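Report on the structure given below.
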Amino acid sequence: MTELPLYGLRVLELASVLAGPQVGQFLAELGAEVLKIEAPAGDVTRSWRTAAERPDAPVSAYFSAANWGKTSRVLDLTTAAGQAELHALAATADIVLASYKPGDADKLGADYATLSVLNPRLLYGAITGYGPAHSRAGYDAVLQAETGFMHLNAAGPGQPPQKMPVALIDLLTAHQLKEALLLALYRRERTGRGALLEVSLHDSALASLANQAATWLVTGHEPQPLGSGHPSIVPYGTVYRAADGTQLLLAVGSDGQFRQLCAVLARPAWAADSRFSRNPNRVAHRHDLEQLLAQRIAEVSGTELLTELEKRAVPAGAVRTVGEALNQSAARSMLLPPTAGFPHPGLRTVAFRSSAWPVTDALPRPPILGSR
């Protein structure tokens, strides 16, 4: 741990659910000491169990998704004693992670104004739903609905909007806060001063609309749901079923790749067809091309097709379940090893590697409530 870049950094996590705890585990994986401060009832995700989990399991799968490498302390911040203990901890901390509704942290003596007086070097990462001026609580699914993600994730035009299968807005918000904290750490090295860092689920979601937002801003046309298809590249994202039952996705981003695809499918005439020879034409004739591809791919082996496409550098892949993805040899480096007290692997939040420090071999298990 001493070789990791954040070794010696002290973090107080006052956040719950996913966005803030994801940041906490990220810092722990890089060597920081992370103390999770929990209300007497604990982080609500401790009780979020799927039907496949034992009801008496001390740690839920959801809680384990973002809480490796931490210790836990129970503090009742509605009491003077709890606030006093928090203030003592904050006086020597480097980072506080908080996810209160605006105004709630002030009532609990856990706000930046209070804690920064005790520790001017403190970096305080505050997550809200809609920004500090709006007291409305933020929930990932609601933000997915309100910022266009559910609309775009429908199976097609006129189909019901669908929520993403993970709390995507929480995860995007966590990335925004990580970036802000790392910048603030760099600034503190130069100035010695702490900072308040505020990020909202709403703004993080909007910032992540990327090309879909740009389409509306540039053209004034409302982006429409295309299932897994792409609005400006074809064939890109559509799922096809091969003769052996393999479900596969094509991500053909250039005319050259399309010519290679046609060659592999023994349909070179498609690449010369004026409807399909260039990507803008393929976009205009999306339906015709996708019908032809679906019919042809249904006649061939998906396994053999994917092998040949890889040889020709045509982007494509099989559709896998979560378990299949995690069982791939390429996924092993992203798994944390089980521990004696928690005999299940964990998923790392740090996906980059550096020549300047090692990857942490293991982390302490997700903590039992108040286990410090």
Give me the pairs, please: first residue somewhere in the range 246-273 and among the charged types (D, E, K, R), second residue anywhere and in a helix (DSSP H, G or I), beta-carbon distance under 6 Å, and either six or more positions apart or on two chains. R259/A271
Result of the Cβ filter at 8 Å on the range 45-61, keeping first residues that are among the acidic types (D, E) and partners that are open to solvent by less than 80 Å² (accessible area, probe 1.4 Å), at least 6 apart or interchain, is E53/S60; E53/A61
Please count how many residues of the range 268-318 are outside any helix (DSSP H, G or I), farther than 15 Å from Y236 by Cα, open to solvent by 70 Å² or more (accessible area, probe 1.4 Å) and of a type outside the set (S, T, Y). 3
Among the numbered criteria (1) more than 16 Å from C262 (Cα to Cα); (2) within 31 Å of the chain's Cα centre (by Cα), which one does P315 miss? (1)
Only one of (1) in contact with a Gly (Cβ under 7 Å, 6 or more places away or on another chain); (2) modelled with pLDDT of 95 or more; (3) among the polar types (S, T, N, Q); (4) open to solvent by 50 Å² or more (accessible area, probe 1.4 Å) fails for Q247. Which number is that? (1)
If a residue has to be in contact (Cβ under 8 Å) with a residue 12 or more places away in the chain and out of contact with any strand residue (DSSP E or B) (no Cβ under 6 Å at 6 or more places or on another chain) to count, how many in the range 327-337 make the cut? 4
Do you know which of the residues in the range 150-208 that are in a strand (DSSP E or B) and out of contact with any helix residue (DSSP H, G or I) (no Cβ under 7 Å at 6 or more places or on another chain) is least open to solvent (accessible area, probe 1.4 Å)? S200
Starting from the range 64-91, keep only residues that are acidic (D, E), then list their pairs with residues that are open to solvent by 60 Å² or more (accessible area, probe 1.4 Å) and outside any loop (DSSP other than H, G, I, E, B) whose Cβ atoms are within a distance under 8 Å, requiring at least 6 positions of separation or different chains. none
Looking at the range 1-54, which of its residues are under 20 Å from G125 (Cβ atoms), open to solvent by 20 Å² or more (accessible area, probe 1.4 Å) and assigned to a helix (DSSP H, G or I)? Q22, V44
Looking at this structure, is R136 under 22 Å from Q25 (Cα atoms), open to solvent by 20 Å² or more (accessible area, probe 1.4 Å) and either modelled with pLDDT under 95 or in contact with a Gly (Cβ under 9 Å, 6 or more places away or on another chain) (or both)? no
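The values are calculated or read from the model by the stated rules, or taken from the named source; none is laboratory data. Small disclaimer: the values here were computed from a predicted structure and weren't measured. All Cβ positions, even for glycine, are placed from backbone atoms using ideal geometry, and neighbour counts span all protein chains on display. The protein model used for the area step is the full one, side chains on, heavy atoms only, and it has no ligands, DNA or RNA in it. Shrake-Rupley method; radii C 1.70, N 1.55, O 1.52, S 1.80 Å.
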